[in-house]
Amino acid sequence: MKILIAEDEPSLRENLQMLLELEGFEVQLASDGQEAYALARRAPPDLVLTDVMMPVLDGYGLIRLLREDPATAAVPIIVLTARAEQNDADLGLSLGANAHLVKPYRRAELLEAVQAQLKSTPKPQPPERGRRQ
Amino acid sequence: MNQGLHSDLALRAQLEQLQLQHQALVQRHEALRLRHRAQQASAEEWLRQRTRELEAEAAEQKKAETLQRVFYRIAERAAAGLSFYDFLQTGHQLLGELLYAKNCYICLYNAEKKTLNFPYYVDERDGDTMQTDDVPLRRGLTEFVLRTERPQLIDAARFVRLQAEGEITEATGDLSFVTWLGVPMQLRGAIGGALVIQSYEAGIYYTDSDADVLAFVANHFSSAIERYQAIDALHKSEERYRSVIENAGVGVVVVQNERMVFANPRLARIVGYPLDYLLSQPFDAALHPDDAPAMIERHRRRLRGEPVEQHFSFRVITQLGKVRWLDLSAVKIEWGRADATLLFVVDATARVEAEQAQRITLQKQVELNDIKSRFISMTSHEFRTPLAIIHGSVELLRHYEDRLPLEKKHLAWQKIEDAVDRMTRMLENVQTIGHAEALPLECRPAAVDLAAFCGVLLDELRSVMGAQYDRVFWTVELPPQGQWYWLDETLVRKILGNLLSNAVKYSPDGGTLCFSVVEADPQLVLSVADQGIGIPEQDQASLFQSFYRASNVGPIIGTGLGLSIVKQAVDCHHGSIELFSEVGKGSRFTVRLPMVKCPPPTAAPAVESAP
């Protein structure tokens, strides 16, 4: 299972990466929306975790691009936002995100959301990339 | 014989007859003579009578002509704009052409108040005792005329009789007149006064026909007096209006042909110019230049009958150069048969200033609210991130303790420490601005060796920022060492410290950082230019507000306080700050402070103790 992380804050990105890798996921890293979209287009991941406030292209822009592109339109997206406002969550969901987590989220919450998205979404691509561990 | 007798008898009879005939003739003659004499006498009488009648007719004619002339002249005098007294005096002279009128007076009667006054009184015995103040009615001679409403001709005998009858009991003045003649005057359909003449001369008696003449004259006086009274009432009412306008608490102005044609004293006080000056100038002379065009336009539109707001405020500049706010309401009126505008003006300076103060307070409130919401939005973003880092690191350490390689554990601990530091620094900054806003910064300049000061500042910056500091290529231009300036070191440290650390912080990809301090007499120009991410144009105006951060800062941490501190310090130092920036190309901040060069403090110790 491959998870693409779009997060501009290096420490948060590293923490996410460590956690998910320790949980057995394959992780791809991007520090802004544009980078993330480029990676997703090249090889669509099983799940995208994206921050909202990012330079160059923000999380909403990334969601829009992913949803417009047939290759990535079905990839589940979880929005991670530092802002607690309901508006931000609603905007993300209305643009096509599947779930929403507010920082700081608990590890259990994150894993639960990740599992839920991976289970409920029919695999868009046949070749299954199993857990590495 | 018979014949003789017969003839004698016949003769006798004949004689008798003749005698009788003679007698009859004599009688007839006498009768004729008498008749003739009677006829002669009646002719003489008739002639005399006729002559008398003709004479009277001629006198009447002459009198009528004189009357006519006198009445005409009374009317003419009344219209000549004489004062009331002068008119009455002229009337008296004219009366003298008709009647003996050496002594004459006029009495006016106020039926409502039951009083009399004597606007004209000429008397050879009493003297000129004009009595314009009202006196109460008594039982005197004049009052008798007023009471009876008829002409009264009174000689000594009748006077005694009237006194005895109780008709006249309170007569005053010299009462030794030969005849006294008073006629009532009709004013506005009622008895309104009396015209009186009297004689003290033994040979001069007034008659009933004199009374008729005097009544005619009185009649002509009446209409003139009525007119005088009407004019007087008009004057009084105009005076009342004038007094109301002159003493009104509002300024009153009439503007016609773009000039003030009338203004009351209050207006002069409100506008702060003498009345003569205002009336001699075009009406916009004292207007504030920013308000004048709109005022003139409104005035013209009002005169054209177009809809114009009736109440509005505008400014004037007084002779002493002070700006005053006035409230005005205007209406179109007719003034001297031409269009004009009538304006009522009130000094509204106090009200407008109070409103402005209120607006400023409100604005401050709004600004504070903005700061509050920006602070909340800043903290929710800037504090959540380090909290999320701490939280994530703690969870990693707790849940994967056994599986986490040592160096990853160290990394996690380090992240926690960094995040805590980051939050601490932000809180410190927030406290700084809190203090700054509570206690206004003070400018306490002293001699500063600017080159040495900047050197120390750059060293401090390098030790605080670590590797970031060397990410940019520094070019530094400073005044020569040992050049002292009169500056507040604390304020300059706030200014340069924040500008330089920002320049480093927002140049994530390096580039050149130009820091210069140059003299541009009378200013000292401090400039910090980077080639960093730049500041979007829409953010530049708000950039110096507390907790405001540009929209493109991304993950670069900050509180949005640095530049607000810089701005306050610059203001406090009586300087100015300017920003030029382009997104993706960099930013340049230029600070200008007043430049005062000074000798080194050791060379002039007196400076230290100077106030």
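Nothing in this text is a laboratory measurement; each read-out follows from the coordinates by a stated rule. Not measured: the values here are computed from a predicted model. In this analysis, Cβ positions are derived from the backbone assuming ideal geometry, glycine residues included, and neighbour counts consider all displayed protein chains.
Assorted remarks:
- Extreme residue, positive dipole direction of the stretch B:455-596, given options B:I577, B:S463, B:T475 (C-beta unit charges): B:S463
- By the count of other C-beta atoms within 10 Å, a proxy for reagent exposure, B:I360, B:I197, B:I371 are ordered fewest to most as B:I360, B:I371, B:I197.
- Note on the stretch B:354-435: along the principal axes its Cα atoms extend 71, 20, 11 Å, ordered by decreasing extent.
- Excluding same-chain neighbours fewer than eight residues apart, the lysines reachable from B:K236 by a Cα-Cα span under 19 Å are B:K113.
- Of all lysines in the structure, the ones whose alpha carbon falls short of 22 Å from that of B:K415, not counting any fewer than 8 places away in one chain, are A:K103, B:K505.
- Taking 25 °C and 0.890 mPa s as conditions, the stretch B:377-509 diffuses translationally at an estimated 136 µm²/s according to Stokes-Einstein applied to its Kirkwood radius (Cα pairs).
- Which of B:S393, B:S7 has the fewest Cβ neighbours within 10 Å, and the rest in rising order: B:S7, B:S393
- Close amide H contacts of B:Y200 (hydrogens built in the peptide plane, cut-off under 5 Å, sequence separation of 5 or more or a different chain): B:V178.
- Rounded tilt (10° steps) of B:84-98 against the dominant C-alpha axis of chain B: 10
- In the stretch B:259-366, GluC sites (Glu not before Pro) in a DSSP loop with at most 14 other beta-carbon atoms within 10 Å: B:E309
- Within chain A, longest stretch clear of exposed trypsin sites (Lys or Arg not before Pro) (DSSP loop, no more than 14 other Cβ within 10 Å): A:1-105
- Both radii are taken from the alpha-carbon atoms of the protein assembly as shown; with Rh as the Kirkwood radius, Rg/Rh is 1.54.
- Debye equation applied to the C-alpha atoms of the stretch B:249-347, log10 I(q)/I(0) at 0.13, 0.14, 0.22 Å⁻¹: -0.39, -0.45, -1.21
- Against the main long axis of the alpha-carbon atoms of chain B, helix B:208-246 sits at an angle near 0°.
- Under the Debye formula (equal points on every Cα, no solvent term), log10 I(q)/I(0) of the stretch B:442-607 at q = 0.09, 0.14 Å⁻¹: -0.30, -0.71
- The mean number of partner chain beta-carbon atoms within 10 angstrom of a residue's beta-carbon across peptide A:3-12 is 4.
- Taking the C-alpha atoms only, the angle from helix B:156-165 to the longest principal axis of chain B is near 70 degrees.
- Amide proton proximity set for B:W335, modelled H, under 5 Å, gap of 5+: B:A340
- Over 20 Å [Cα-Cα, the stretch B:498-578], rounded percent: 35
- Fraction in percent of alpha-carbon pairs per bin - 10 Å, the stretch B:35-108: 17, 29, 20, 14, 11, 7, 2
- Residues whose placed amide H lies under 5 Å from that of B:F262, excluding near-sequence neighbours: B:V254
- 20 Å tail of the calculated P(r), the stretch A:2-120, as % of Cα pairs: 32
- Charge-dipole axis of the protein assembly as shown as Lys and Arg at +1 and Asp and Glu at -1 on Cβ define it, positive-most pick from B:L18, A:P70, B:I231: B:L18
- Computed magnitude of the charge dipole of the stretch B:454-511 (debye, nearest 20; Cβ of K, R +1, Cβ of D, E -1): 140
- Ratio of the Cα radius of gyration of chain B to 2.2 N^0.38 Å, where N counts its residues: 2.33
- With neighbour counts taken as other beta-carbon atoms within 10 Å, the residues B:M260, B:M595 rank, fewest first, as B:M595, B:M260.
- Our coupling estimate for the stretch B:489-500, obtained by passing each phi through the Karplus curve with A = 6.51, B = -1.76, C = 1.60 and θ = phi - 60°, is 4, 5, 5, 5, 5, 4, 5, 6, x, 5, 5, 5 Hz, Gly and Pro reported as x.
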